[in-house]
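The values are calculated or read from the model by the stated rules, or taken from the named source; none is laboratory data. All values derive from a computational prediction rather than experimental measurement. Cβ placement follows ideal geometry from the backbone for every residue including glycine, while neighbour counts extend to all protein chains displayed.
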Amino acid sequence: MRVLAAMSGGVDSSVAAARLVDAGHEVVGVHLALAAKSSGGASTAGPASARASRGCCTLDDARDARRVADRLGIPFYVWDMSERFRRDVVDDFLDEHRLGRTPNPCIRCNERIKFAAVLDRAIAMDFDAVATGHYAQVVAGPHGPELHRGVDPAKDQSYVLGVLQRSQLERVLLPIGGDDKATIRAEAQRRAFAVAQKPDSHDICFIPDGDTASFVLARLGGAPGTIVEAGTGATLGTHRGVATYTIGQRRGLDLRTPAPDGAPRYVVAKDVATATVTVGPAELLDVDLLEAGAVTWTGLPLDAPVDLQVQVRAHGEAVAARIDASGARLRVELATPVRGVACGQSVVVYDGTRVVGSGTIEATSRVARA
Amino acid sequence: MEQRVYLDHAATTPMVPAAREAWLQQSAEFGNPSSLHASGRRQRQAVEEARELIAGLLGTRPSAVVFTSGGTESDNLAVKGLFWRARATSGADRVVTSSIEHHAVLDPILWLEADQGAQVTWLPVDSVGRIDEDVLAATLADPSGVAVCSVMWANNEVGTVQPVHRIAEACRAAGVPFHTDAVQALGHVPMDLGELRADAVTLSSHKVGGPFGVGALVLDPGLALTPVLHGGGQEREVRSGTLDAPSIVGFAAAVEHAVKGQEQRAFHLVTLRERLIGGVVASVPDVIVNGDLGTAPDERLPGNVHLSFPGCEGDLLLMLLDAAAIDCSTGSACTAGIPEPSHVLMAMGRSEEQARSSLRFSLSESTTEADVDAVVSALPGAVERARRAGGARAQVS
Ligand SMILES: Cc1ncc(COP(=O)(O)O)c(C=O)c1O
C-alpha cells in the first residue's frame with residue numbers, strides 16, 4: 001500500500017511510521033504545520049522575510065519528524081495546514097467558547113483536518129491510506145472496519161477519533177493502538193529514535209502554556225459580570241468573562257463569602273446572555289440525561305433504543321447508558337449520573353471496546369433524583 | 001540507487017572531475033597556510049595559485065579575491081561590511097537593493113533595517129523580474145548617505161539577468177559602492193569583472209561544480225569594509241579564519257571549468273531549456289512560463305526554467321515528481337520545509353496563489369534530452385493529481 005504517515009515529531013507517530021515501513025508499505029512522511037504564523041516583516045516597502053514566520057516549537061517538531069523519516073529512509077514533506085487549522089479548529093474553538101460551550105479542539109482537528117483535509121488530499125495524490133500515531137485500533141468486522149479502543153487504558157484515544165465515519169476508517173491505519181505506551185517508548189528506544197524520551201503532549205497544541213482562560217479572554221475580550229449562588233441568586237463576586245469558566249470548575253473563582261456549610265462550590269451553570277456564572281455544590285453538577293446533535297456513526301447507525309456505554313470526555317470513564325437515536329438527536333439516559341458535563345463536549349457511544357458513534361452535547365439535565 | 005533525473009542544479013551541482021581531483025589531491029597535503037614553515041608555505045602556495053587562477057579567469061587582480069565560506073558569507077560581508085564601514089566613516093545609513101535578492105542579501109538588509117537603523121530603498125522589478133533602472137537613476141540622483149547598492153547579477157528563482165554593467169556604471173558615477181551577487185551567473189553568462197568594475201562580487205563554489213563551504217568576495221582592494229568575522233585577519237584583515245586549502249583549490253578548478261566552457265554550455269542549456277518549455281507547454285497548455293523568454297545571455301540564465309501551474313500547489317507537484325524520480329524545486333526559500341510564497345514572484349506582480357503554484361527546473365551541462373523528456377512526460381499526470389488534491393482540500397469544510 002502507499003501510505004501517508006502523519007508525523008508530528010513525537011514518539012507515537014514515529015513508531016507508527018517505522019512499523020509501516022517494516023510491514024513493507026511504501027510510506028511517505030508528512031508533518032502538518034498547524035501553528036499560526038506570526039505575520040508581518042519589519043520592512044515597510046520591501047519584501048517581507050520568511051524570518052518573521054519562523055516559529056519555534058513547530059520548527060523543532062518538524063525537524064524531529066524529518067530526522068526520523070530520514071532514518072527510515074522515506075520521503076518527508078511539511079504540509080502547511082495552518083490556514084485550515086486556524087479556520088476550522090481555532091476559530092471554531094473560540095466561537096464555541098463565545099457561546100458558553102466547552103469544545104474539544106482535538107476532535108475538531110481529527111474531524112476536519114487530519115481525517116478530512118489531509119485524507120482527501122492523500123487520496124487525490126494516489127495514496128491508499130493515512131496513518132497516525134493515535135492509541136486506538138482499526139479492526140476488521142463483519143460490516144467493514146471497526147474502530148476500537150487502544151489497549152492501553154491510560155492512553156486510549158478512541159474518544160477523540162469518535163467522529164470518524166466508515167468511509168474514513170477504510171482509509172485509516174493506526175499501527176500502535178495494540179500496544180501500551182511503555183512498549184512504544186521502548187520500541188522507539190530500540191530503534192534509536194532521538195525522540196524516544198520526548199515528553200507526551202497533553203495540552204491543546206495551540207495553547208502551549210495550558211492557560212485556556214487567558215487565551216480565550218485575550219481573543220474574545222472580557223464581558224464582565226457577576227457570580228451568583230445557585231438557588232438563592234445571591235451575588236458572590238464578579239468575573240472577567242463567562243467564556244473563561246468551565247462547568248465543574250472549582251479553582252480560581254475568588255469568592256469572597258464562603259458557603260454557609262463550608263462545602264466547596266463549583267461552576268454549575270453559565271449564561272452568556274446575562275454574563276452570569278452560577279456556582280453551587282457538587283451535587284448540582286450531576287446529570288443523567290444528555291441530548292446531542294451533529295451525530296456521526298462509526299459503525300452501523302442505531303435505530304432502536306439500546307443499552308450501551310458512553311464517554312463524555314477524553315480521559316473519562318465509560319458509563320452505562322440507554323441510547324435513543326430515533327430522532328434527529330441522540331438521547332442518552334445515563335444509568336448513573338455523571339458530574340460536570342458541559343454543552344459542546346462530545347459524547348462518544350461505545351459497545352464494549354468498539355466505537356459506535358458520537359454526538360455533540362447540546363443539553364444536559366437531571367431527571368432521576370438520588 | 002534508483003536512477004534519478006536531477007534538475008536542481010541551481011541549488012547545488014555535482015563536483016566536476018577536475019575540481020574533485022584537485023580537492024582530493026590537496027587534502028593529502030598538510031599545513032596551515034598562515035604558518036611560516038615549509039609545510040605552511042606549501043599550502044599557501046596552493047591557495048595563492050588558486051587565487052591567481054580565479055582572478056585571471058575573471059579578469060581581476062588576485063589581491064581582490066577574498067576567500068570565504070561561501071555565497072552567504074560573501075553576501076553578508078559585502079552588505080553589512082560596506083554599511084558598517086560607511087556609517088562609521090561618514091554616517092551613511094542608506095541601502096539600495098532590488099526586491100528580488102536571494103535571502104543571503106535580503107535578510108542581512110532586512111536586519112540592518114530593523115536592527116541597525118538602515119534606510120532601505122527597494123528597487124521594483126517589472127513582470128519578468130528586471131529592475132526599474134529609472135527608479136535606480138532617481139534614487140542615485142541624490143547619492144548622499146548611500147552606504148551600498150546591492151543588485152544580483154542573475155536571479156536564482158526565475159533566472160532573470162540584470163543589467164549589471166549599467167548598474168555598476170550608474171553607481172560608480174554616483175560614488176556609491178556597488179555589490180552584486182554573481183552566484184548564479186558564474187559559468188552561465190560571460191563574466192569579466194575587470195570590465196564590470198563592481199566594488200564587490202559574490203561567488204560560491206558549490207554552484208559551479210566545486211566543493212561546498214567555500215566561495216569568494218571579489219572586493220576592490222582600495223575599498224575598506226568592516227569585517228563580519230574578526231580574528232587572525234588571514235584574508236587581508238577583511239576576513240578571518242584558517243583557510244581551507246583543499247576546498248579553495250577545488251573551487252579554483254571548478255571556476256576554470258565554469259568560465260572556459262561557458263559559451264558552449266550556454267548553447268547546450270538553451271537548446272534543452274527550449275525543449276523542456278516547448279514540451280511542457282504542449283502537454284500542459286495552461287502552464288505559465290515565468291521570467292524573461294529571451295535566449296541571450298543578458299536576458300535569462302540558460303539553464304533556468306520556471307513554470308507556474310494554475311490550480312496546483314508547487315509543493316504537491318514537487319512531491320509527486322519526487323515520487324517519479326525527478327528532483328526539482330519550488331525555487332523559493334523554505335520555512336521548515338514549508339515553501340513561502342516567493343518574494344521574487346510577488347515582486348514581479350504575481351498573486352500569492354500563482355507564486356505558490358510554481359516549480360523551478362535548473363539544468364546543467366550533464367543534463368540530457370532524456371532528462372528533459374522524462375519531465376515532459378511526468379508533468380501532465382502530476383499536474384492533474386495536484387489539482388485534484390488542491391480541489392479536495394478546498395471541498396472539505
Ligand atoms: C543567488 C544566490 N546567492 C547566494 C547563495 C548562497 O550561497 P551558499 O550556498 O554558497 O551560501 C545562493 C545559493 O542558494 C544563491 O543562489
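Scanning region A:243-271 for residues being touching a Leu at 6+ places or on another chain (Cβ under 6 Å) and of a type in the set (A, V, I, L, M) gives a total of 3. Restrict the check to region A:109-128 and report whether at least one residue is within 30 Å of A:LEU94 (Cβ to Cβ), in a helix (DSSP H, G or I) and of a type in the set (Val, Ile, Thr). Within region A:109-128, one or more residues are within 30 Å of A:LEU94 (Cβ to Cβ), in a helix (DSSP H, G or I) and of a type in the set (Val, Ile, Thr). For region A:1-57, a residue qualifies if it is under 29 Å from B:THR97 (Cβ atoms) and either buried (at least 16 other Cβ atoms within 10 Å of the Cβ) or modelled with pLDDT of 95 or more (or both), and the qualifying residues are A:LYS37, A:GLY41, A:SER43, A:GLY46, A:PRO47, A:ALA48, A:SER49, A:ALA50, A:ARG51, A:ALA52, A:SER53, A:GLY55.
Among the residues in region B:205-226, are any out of contact with any helix residue (DSSP H, G or I) (no Cβ under 9 Å at 6 or more places or on another chain) and of a type in the set (Val, Ile, Thr)?
Of all residues in region B:205-226, those out of contact with any helix residue (DSSP H, G or I) (no Cβ under 9 Å at 6 or more places or on another chain) come to B:222.
Now restrict to residues that are of a type in the set (Val, Ile, Thr): none.
For region B:205-226, residues out of contact with any helix residue (DSSP H, G or I) (no Cβ under 9 Å at 6 or more places or on another chain) and of a type in the set (Val, Ile, Thr): absent.
Applying the set (1) farther than 21 Å from B:ASP192 by Cβ; (2) within 16 Å of the ligand (Cβ to nearest atom); (3) out of contact with any helix residue (DSSP H, G or I) (no Cβ under 6 Å at 6 or more places or on another chain) to B:GLU157 leaves exactly one unmet item: (3). A single entry from A:VAL347, A:VAL338, A:VAL287, A:VAL277 fulfils the requirement of being in a strand (DSSP E or B), closer than 30 Å to A:HIS143 by Cα and under 26 Å from the mean Cα position of the chain (by Cα): A:VAL347. Has region B:117-134 got any residue that is more than 9 Å from chain A (Cβ to nearest Cβ), over 21 Å from B:THR202 (Cβ atoms), assigned to a strand (DSSP E or B) and at pLDDT 95 or above? Checked region B:117-134: at least one residue is more than 9 Å from chain A (Cβ to nearest Cβ), over 21 Å from B:THR202 (Cβ atoms), assigned to a strand (DSSP E or B) and at pLDDT 95 or above.
Going through region A:66-84 one residue at a time, which ones are assigned to a helix (DSSP H, G or I) and either without any contact (Cβ under 8 Å) to a residue 60 or more places away in the chain or among the basic types (Lys, Arg) (or both)? Let's see the steps before the verdict.
Going through region A:66-84, the residues assigned to a helix (DSSP H, G or I) turn out to be A:66-72, A:82-84.
Once the filter is applied, which keeps residues that are assigned to a helix (DSSP H, G or I) and either without any contact (Cβ under 8 Å) to a residue 60 or more places away in the chain or among the basic types (Lys, Arg) (or both), region A:66-84 yields A:ARG66, A:ARG67, A:ASP70, A:ARG71, A:LEU72, A:SER82, A:GLU83, A:ARG84.
When region B:201-220 is limited to residues that are assigned to a strand (DSSP E or B) and within 11 Å of the ligand (Cβ to nearest atom), the one that is surrounded by the most Cβ atoms within 10 Å (Cβ to Cβ) turns out to be B:THR202.
Inside region B:110-135, can you point out the residues that are of a type in the set (Ser, Thr, Tyr) and within 15 Å of the ligand (Cβ to nearest atom)?
Step one: list which residues in region B:110-135 are of a type in the set (Ser, Thr, Tyr), which gives B:121, B:127.
Scanning region B:110-135 gives no hits.
Can you find, within region A:134-144, the residue that is modelled with the highest pLDDT among those that are surrounded by fewer than 19 Cβ atoms within 10 Å (Cβ to Cβ) and touching a helix residue (DSSP H, G or I) at 6+ places or on another chain (Cβ under 9 Å)? Even if it seems obvious, please write down each step before you answer.
Keep residues of region A:134-144 that are surrounded by fewer than 19 Cβ atoms within 10 Å (Cβ to Cβ), which gives A:139-144.
Still in the list and also touching a helix residue (DSSP H, G or I) at 6+ places or on another chain (Cβ under 9 Å): A:143-144.
Details: A:HIS143: 88, A:GLY144: 92.
Per the stated criteria, the residue is A:GLY144.
Out of B:VAL176, B:VAL228, B:VAL255, one residue alone is under 23 Å from B:THR160 (Cα atoms) and either in a helix (DSSP H, G or I) or modelled with pLDDT of 95 or more (or both). It is B:VAL255.
Quick one: which residue in B:HIS165, B:HIS188 is away from the ligand (no atom under 14 Å from the Cβ) and farther than 20 Å from B:TRP84 by Cβ? Before you say what the answer is, go through the steps one by one.
Values: B:HIS188 fails: away from the ligand (no atom under 14 Å from the Cβ).
When all the criteria are applied, what remains is B:HIS165.
Residue by residue through region A:93-117, note down the ones that are within 11 Å of chain B (Cβ to nearest Cβ) and more than 30 Å from A:GLY24 (Cβ to Cβ). The answer is A:GLU111, A:ARG112. Filtering region A:73-88 to residues that are under 21 Å from A:ALA117 (Cα atoms) and within 12 Å of another protein chain (Cβ to nearest Cβ) leaves A:PRO75, A:PHE76, A:TYR77, A:VAL78, A:TRP79, A:ASP80, A:MET81, A:SER82, A:GLU83, A:ARG84, A:ARG87, A:ASP88. Annotation note: Cβ proximity below 8 Å between a residue of region B:275-303 that is on the phi > 0 side of the Ramachandran plot and a residue that is surrounded by 21 or more Cβ atoms within 10 Å (Cβ to Cβ) (sequence gap 6+ or interchain) occurs for B:GLY291/B:GLY129; B:GLY291/B:ASN155; B:GLY291/B:VAL158; B:GLY291/B:GLY159; B:GLY291/B:THR160; B:GLY291/B:ARG300; B:GLY291/B:ASN304; B:GLY291/B:HIS306. Hey, could you check region B:168-185 for residues that are among the β-branched types (Val, Ile, Thr) and within 13 Å of the ligand (Cβ to nearest atom) and say which is nearest to B:ARG273 (Cα to Cα)? Ranking the qualifying residues of region B:168-185, first place goes to B:VAL183. For region A:297-307, a residue qualifies if it is surrounded by fewer than 19 Cβ atoms within 10 Å (Cβ to Cβ) and not acidic (Asp, Glu), and the qualifying residues are A:TRP297, A:LEU300, A:PRO301, A:ALA304, A:PRO305, A:VAL306. The listed residues are B:CYS149, B:CYS171, and the only one of them that is touching a residue at least 24 places away in the same chain (Cβ under 8 Å), closer than 21 Å to B:VAL120 by Cα and assigned to a helix (DSSP H, G or I) turns out to be B:CYS171. For A:LEU308, the conditions (1) under 24 Å from the mean Cα position of the chain (by Cα); (2) part of a strand (DSSP E or B); (3) under 23 Å from A:PRO103 (Cβ atoms) are fulfilled apart from (3).
Number of residues in region B:347-383 that are modelled with pLDDT of 95 or more, out of contact with any Ser or Thr (no Cβ under 7 Å at 6 or more places or on another chain) and within 11 Å of another protein chain (Cβ to nearest Cβ): the value is 2. Find the residue count for region B:5-33, including only residues that are under 24 Å from the mean Cα position of the chain (by Cα) and outside any helix (DSSP H, G or I). Residues meeting the conditions: 12.
Can you report the number of residues in region B:51-109 which are outside any helix (DSSP H, G or I), of a type in the set (Gly, Ala, Ser) and either touching a strand residue (DSSP E or B) at 6+ places or on another chain (Cβ under 8 Å) or within 11 Å of the ligand (Cβ to nearest atom) (or both)?
Start the filter on region B:51-109 by keeping residues that are outside any helix (DSSP H, G or I), which leaves B:59-61, B:65-70, B:91-102.
Next, from what is left, pick out any that are of a type in the set (Gly, Ala, Ser): B:59, B:69-70, B:91-92, B:98-99.
Subsequent filtering for residues that are either touching a strand residue (DSSP E or B) at 6+ places or on another chain (Cβ under 8 Å) or within 11 Å of the ligand (Cβ to nearest atom) (or both) retains B:69-70, B:92, B:98-99.
Within region B:51-109, residues that are outside any helix (DSSP H, G or I), of a type in the set (Gly, Ala, Ser) and either touching a strand residue (DSSP E or B) at 6+ places or on another chain (Cβ under 8 Å) or within 11 Å of the ligand (Cβ to nearest atom) (or both) number 5.
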